[in-house]
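Have a look at the structure below, then the notes.
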Amino acid sequence: MASADVFNSPARPSDLQISDQTGGKTVPRVLDDSEIEDRMSGAEMREWRRDGNVLRRTIEAHDFPTVVRMLEKIVVDTQRLDRRPDIDIRGGVVHFTLYSDAGLTDVDVELAHRIELGAGAFVRGHA
């Protein structure tokens, strides 16, 4: 997958560090504060906000049909990562909320990066 190269950086490993397995099902690894800060520190992630175990991002798209096209791209990654972010749509504005009761995981942070990548050119003001 060509877009995977965007995620390879010193602050972000190229693959998820999922270590626990339960009955054959892989369990996401809870990250500590410094790992979350490192992985969310890139310039492309500056619009994300963290509040404890919650990551939030508001994206303003050109219009509602553009929001739908953007979400079509993002939903593929939510399915692959088996994560369902809260998504609130108001016209051309989308609010994403990612959270985990036990703490933010490697999968939550990966999904935030994929949402950012998927939103790409759909974001209002994008050159």
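The values are calculated or read from the model by the stated rules, or taken from the named source; none is laboratory data. Owing to the predicted nature of the structure, the values given are computational and were not obtained by experimental measurement. Virtual Cβ from ideal backbone geometry, glycine too; neighbours counted across all protein chains shown. Just the protein is used for accessible areas: all its heavy atoms, side chains included, with ligands, DNA and RNA removed. Shrake-Rupley method; radii C 1.70, N 1.55, O 1.52, S 1.80 Å.
Overview of results
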| item | result |
| --- | --- |
| Mean separation of Cα contacts under 8 Å, 6 or more apart, over the residue count of region 24-127: relative contact order % | 36 |
| Solvent-accessible area, 1.4 Å probe, carbon plus sulfur percent, for region 59-127 | 52 |
| Cα gyration tensor category, rounded, prolate or oblate, for region 50-127 with a/c compared to 1.5 | prolate |
| Accessible area, probe 1.4 Å, largest first, for residues F122, F64, F96 | F64, F122, F96 |
| Per residue value of the accessible surface for region 51-114 (all protein chains in place, 1.4 Å probe), Å² | 49 |
| Rounded if a/c under 1.5, otherwise prolate or oblate - region 82-125, Cα gyration tensor axes | oblate |
| Distance (nanometres) between label positions extended 7 Å along Cα→Cβ at V54 and R29 | 2.7 |
| In region 20-127, GluC sites (Glu not before Pro) in a DSSP loop with at most 13 other beta-carbon atoms within 10 Å | E47 |
